[in-house]
Amino acid sequence: MSSPLRVAIVGAGPSGFYAAAQLLAVAEPEFSVDLFDRLPTPYGLVRAGVAPDHPKIKSVTKAFDKTARHERFRFFGHVELGTDVTREDLLERYHAVLYSVGTSTDRKLGVPGENLQGSHPATEFVAWYNGHPDHSGLEVDLQAKQAVVVGAGNVAIDVARMLALAPSELGVTDTADHALEVLNASGIEEITILARRGPLQAAFTNPELLEMGELERADLEIVGAELDPLSQKALEDADKTRRRNVEIIQEYAARPKAGKPLTVRFRFLAGPVELLGDEDGHVRAVRIEENEITARGDGSLAAGGTGRFEELPAQLVFRSIGYTGVAVPGVAFDEDRGLIRNDGGRVVGEDGAPLPGEYVAGWIKRGPSGVIGTNKKDAQDTVRKLLEDAAAGALNEPGGEDVEALLAERCEHLVSWEGWEAIDTAEREAGEPQGRPRVKLAEWDALREAAKAGRPVG
Ligand code: NAP
């Protein structure tokens with residue numbers, strides 16, 4: 001096989017960048033990496049998911065930038081797989097294609113009223129306040145007084161915290177301007193995080209939960225802090241994070257209120273059964289059922305309904321029960337799991353046999369779990385498989401032509417790494433006088449325009 005071996009990575013989020021770095025570090029055989037993204041901007045959820053008040057987490061992009069400077073690396077932004085280029089186009093040109101496209105949509109609650117006005121998937125709200133150009137037009141009515149966030153994971157915490165932050169706290173972040181304006185004028189007084197199971201089963205991580213105790217504008221209220229007998233029994237075998245979560249939640253439950261203008265309530269052991277609307281089709285309440293913890297056959301603890309119902313008034317609802325993947329045209333997909341069908345990172349056909357030269361990494365491989373760093377090991381596992389296949393001569397056998405001619409023909413707005421750097425510079429320069437890290441360009445046209453100041457591809 002000719003060297004370097006050409007790899008296309010689709011999706012410039014953490015797992016794509018980690019896989020790129022690992023491939024570029026291999027001495028023999030040498031690889032070249034072309035990283036594609038449908039957005040003109042790189043970094044995936046580090047840019048469009050990590051909360052704006054968590055700038056330290058975003059500093060991981062420095063390592064990604066180092067990878068981007070490698071001489072055998074190219075970035076092709078604003079190129080969508082399935083529309084601008086197809087899987088077949090890539091397989092004609094690369095020895096391997098690695099999909100790291102993430103899980104870009106929300107899981108559905110599956111309860112009546114889910115789509116009433118004022119009920120939003122958390123994924124969209126997060127994308128909106130982070131300036132994702134697909135979501136800049138989202139209308140979020142923050143004149144509501146009561147909001148319910150369904151789910152007990154870190155995204156639910158991010159959403160609740162963003163709703164509770166004071167204008168002075170938000171004003172130093174890179175929250176998209178359109179969202180800042182709406183959040184600063186918010187009339188929200190009460191935010192309920194609805195957890196269908198108890199404190200021991202919550203999916204929060206400790207630092208995120210601790211941050212909730214330091215909100216300038218919000219008191220905390222805990223409903224259901226005490227553990228049920230089954231959870232109490234499971235406590236000593238639980239991992240450190242979960243045990244500490246229980247301690248933190250119980251500390252919060254014992255804390256007196258300080259008379260702050262907002263309340264963030266954690267309500268455990270209650271699940272939504274219906275969203276109720278007013279005559280205009282706008283959500284007015286969440287009908288919940290109180291749950292109790294029950295043991296499944298395998299010993300794990302589940303939520304079981306008690307038959308006791310209640311209406312929680314809410315004019316705004318965020319469904320934050322996890323992300324799921326969207327099928328990429330032509331690429332093997334496991335509909336049940338919402339993932340690209342794969343065996344440890346090798347994409348497989350319906351018969352379970354590997355499809356030569358196709359790989360997958362990150363959330364679209366294993367599901368939406370873990371923190372950013374989890375994707376490093378995940379990408380490593382996939383790259384190891386790719387290297388085994390390279391050694392066995394089992395990669396894809398492409399023709400010789402470079403992808404650039406095809407992109408020039410198909411992608412009017414192709415964005416190179418220099419194009420992204422031009423966007424980055426424009427955003428940082430706009431942020432500086434305001435004491436903010438950047439003012440995000442959140443519209444497609446503005447991003448395209450700013451990218452033009454960078455050198456063209458090639
Ligand atoms: P997650 O951690 O999987 O949490 C999803 C939550 O939704 C769980 O509490 C789950 O409860 C609940 N849920 C699922 N189906 C439900 C239903 N039908 N009704 C009611 N509740 C339901 O997902 P996530 O919050 O979207 O986060 C995704 C990943 O990103 C996680 O690994 C998270 O840690 C990570 N993340 C990290 C940070 C950070 O480090 N700062 C920030 C954001 C996200 P059950 O457990 O009962 O199923």
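Among the residues of region 92-108, is there at least one that is hydrophobic (A, V, I, L, M, F, W, C) and over 19 Å from residue 386 (Cβ atoms)?
Checked against the condition, which is being hydrophobic (A, V, I, L, M, F, W, C) and over 19 Å from residue 386 (Cβ atoms), region 92-108 yields no hits at all.
Are any of the residues in region 291-300 touching a Lys or Arg at 6+ places or on another chain (Cβ under 7 Å) and within 15 Å of the ligand (Cβ to nearest atom)? Full working, then the answer.
Within region 291-300, the subset touching a Lys or Arg at 6+ places or on another chain (Cβ under 7 Å) is 291, 293.
Then drop every residue that is not within 15 Å of the ligand (Cβ to nearest atom), which leaves 291, 293.
Yes; the residues of region 291-300 include at least one that is touching a Lys or Arg at 6+ places or on another chain (Cβ under 7 Å) and within 15 Å of the ligand (Cβ to nearest atom).
Could you say whether any residue in region 28-49 is without any contact (Cβ under 8 Å) to a residue 40 or more places away in the chain, open to solvent by less than 20 Å² (accessible area, probe 1.4 Å) and either farther than 24 Å from residue 435 by Cα or within 16 Å of the ligand (Cβ to nearest atom) (or both)?
Checked region 28-49: at least one residue is without any contact (Cβ under 8 Å) to a residue 40 or more places away in the chain, open to solvent by less than 20 Å² (accessible area, probe 1.4 Å) and either farther than 24 Å from residue 435 by Cα or within 16 Å of the ligand (Cβ to nearest atom) (or both).
Of all residues in region 91-116, how many are over 24 Å from the mean Cα position of the chain (by Cα) and either within 16 Å of the ligand (Cβ to nearest atom) or open to solvent by 50 Å² or more (accessible area, probe 1.4 Å) (or both)? Show your work before the answer.
Filtering region 91-116 for residues over 24 Å from the mean Cα position of the chain (by Cα) gives 91-96, 112-113.
After this cut, where a residue has to be either within 16 Å of the ligand (Cβ to nearest atom) or open to solvent by 50 Å² or more (accessible area, probe 1.4 Å) (or both) as well, the list is 92, 112-113.
Qualifying residue count, region 91-116: 3.
Looking at 270, 285, which one is aliphatic (A, V, I, L, M), under 29 Å from the mean Cα position of the chain (by Cα) and more than 12 Å from the ligand (Cβ to nearest atom)? Show your work before the answer.
Details: 270 fails: more than 12 Å from the ligand (Cβ to nearest atom).
Result: 285 is the single residue among 270, 285 that is aliphatic (A, V, I, L, M), under 29 Å from the mean Cα position of the chain (by Cα) and more than 12 Å from the ligand (Cβ to nearest atom).
Suppose we keep only residues that are hydrophobic (A, V, I, L, M, F, W, C) and surrounded by fewer than 21 Cβ atoms within 10 Å (Cβ to Cβ) within region 348-384. Which one would you say is nearest to the ligand (Cβ to nearest atom)?
371
What is the one condition in (1) touching a helix residue (DSSP H, G or I) at 6+ places or on another chain (Cβ under 9 Å); (2) at pLDDT 95 or above that residue 90 does not satisfy?
Every condition holds for residue 90 apart from (1).
Please identify the pairs in which a residue from region 304-321 that is acidic (Asp, Glu) has its Cβ atom under 8 Å from the Cβ atom of a residue that is more than 12 Å from the ligand (Cβ to nearest atom), counting only partners at least 6 apart or on another chain.
What qualifies is 310/287; 310/290; 311/276; 311/285; 311/287.
For region 385-425, enumerate the residues that are exposed (fewer than 13 other Cβ atoms within 10 Å of the Cβ) and closer than 17 Å to residue 80 by Cα.
405, 409, 412 - these are the residues of region 385-425 that are exposed (fewer than 13 other Cβ atoms within 10 Å of the Cβ) and closer than 17 Å to residue 80 by Cα.
How do the pairs read when you match residues in region 127-155 that are within 15 Å of residue 106 (Cβ to Cβ) with residues anywhere that are basic (Lys, Arg), using Cβ under 6 Å and keeping only pairs 6 or more apart or on different chains?
Final answer for the pair search is 150/319.
Examine region 184-203 for a residue that is in contact (Cβ under 8 Å) with a residue 24 or more places away in the chain, of a type in the set (Gly, Ala, Ser), surrounded by fewer than 23 Cβ atoms within 10 Å (Cβ to Cβ) and near the ligand (Cβ under 10 Å from one of its atoms), and state whether such a residue exists.
Yes, region 184-203 has at least one match.
Looking at region 139-158, which of the residues that are outside any strand (DSSP E or B) and more than 16 Å from the ligand (Cβ to nearest atom) is most open to solvent (accessible area, probe 1.4 Å)? Explain how you work it out, then say what you get.
Our first condition is that a residue be outside any strand (DSSP E or B); within region 139-158, this holds for 139-145, 151-158.
Add one more test, that the residue is more than 16 Å from the ligand (Cβ to nearest atom), and what stays is 139-145.
Working: 139: 155, 140: 15, 141: 74, 142: 4, 143: 113, 144: 7, 145: 94 Å².
Looking at the filtered set, the residue picked out is 139.
Testing residue 451 on (1) touching a residue at least 40 places away in the same chain (Cβ under 8 Å); (2) under 20 Å from residue 53 (Cβ atoms); (3) not aromatic (Phe, Trp, Tyr), one condition comes back false. Which one is that?
(2)
For region 51-72, does any single residue satisfy the condition of being crowded, with 21+ Cβ neighbours inside 10 Å and within 16 Å of the ligand (Cβ to nearest atom)?
Within region 51-72, one or more residues are crowded, with 21+ Cβ neighbours inside 10 Å and within 16 Å of the ligand (Cβ to nearest atom).
Can you confirm whether residue 136 is under 26 Å from residue 223 (Cα atoms), more than 12 Å from the ligand (Cβ to nearest atom) and assigned by TED's automatic domain parsing to the domain that holds residue 194? Reasoning before the result, please.
Details: under 26 Å from residue 223 (Cα atoms): no; more than 12 Å from the ligand (Cβ to nearest atom): yes; assigned by TED's automatic domain parsing to the domain that holds residue 194: yes.
For residue 136, the condition - under 26 Å from residue 223 (Cα atoms), more than 12 Å from the ligand (Cβ to nearest atom) and assigned by TED's automatic domain parsing to the domain that holds residue 194 - is not met.
Kindly indicate which of 211, 181 is assigned to a helix (DSSP H, G or I), within 15 Å of the ligand (Cβ to nearest atom) and of a type outside the set (Lys, Arg).
Values: 181 fails: within 15 Å of the ligand (Cβ to nearest atom).
After ruling out the rest, the residue left standing is 211.
Give all pairs with beta carbons closer than 8 Å in which a residue from region 403-418 that is in contact (Cβ under 8 Å) with a residue 12 or more places away in the chain meets a residue that is open to solvent by less than 50 Å² (accessible area, probe 1.4 Å) and of a type in the set (Lys, Arg); count only pairs at least 6 apart in sequence or on separate chains.
403/93; 406/93
Can you pull out every residue in region 236-249 that is outside any helix (DSSP H, G or I) and not aliphatic (A, V, I, L, M)?
Quick first cut of region 236-249, residues outside any helix (DSSP H, G or I) only: 238-239.
The one that is outside any helix (DSSP H, G or I) and not aliphatic (A, V, I, L, M): 239.
Name the one entry in 447, 407, 441 that is in a loop (DSSP other than H, G, I, E, B) and either assigned by TED's automatic domain parsing to the domain that holds residue 43 or among the aliphatic types (A, V, I, L, M) (or both). Talk me through it step by step, then tell me what you get.
Details: 447 fails: in a loop (DSSP other than H, G, I, E, B); 407 fails: in a loop (DSSP other than H, G, I, E, B).
Sole residue among the options that is in a loop (DSSP other than H, G, I, E, B) and either assigned by TED's automatic domain parsing to the domain that holds residue 43 or among the aliphatic types (A, V, I, L, M) (or both): 441.
Cβ-Cβ under 6 Å, sequence separation 6+ or interchain: first residue in region 349-368 and free of Cβ contacts under 8 Å to residues at least 60 places away in the same chain and assigned to a strand (DSSP E or B), partner crowded, with 22+ Cβ neighbours inside 10 Å and of a type in the set (Val, Ile, Thr). Which pairs?
Partner pairs satisfying both residue conditions: 355/347.
Run residue 233 past the list (1) in contact with a strand residue (DSSP E or B) (Cβ under 9 Å, 6 or more places away or on another chain); (2) open to solvent by 50 Å² or more (accessible area, probe 1.4 Å); (3) not in a loop (DSSP other than H, G, I, E, B) and report the number of the one that doesn't hold.
The failed condition is (1).
The values are calculated or read from the model by the stated rules, or taken from the named source; none is laboratory data. Just so it is clear, the model here is predicted, and its values are computed rather than measured. In this analysis, Cβ positions are derived from the backbone assuming ideal geometry, glycine residues included, and neighbour counts consider all displayed protein chains. Only protein heavy atoms, including side chains, enter the accessible area calculation; ligands, DNA and RNA are left aside. Shrake-Rupley method; radii C 1.70, N 1.55, O 1.52, S 1.80 Å.
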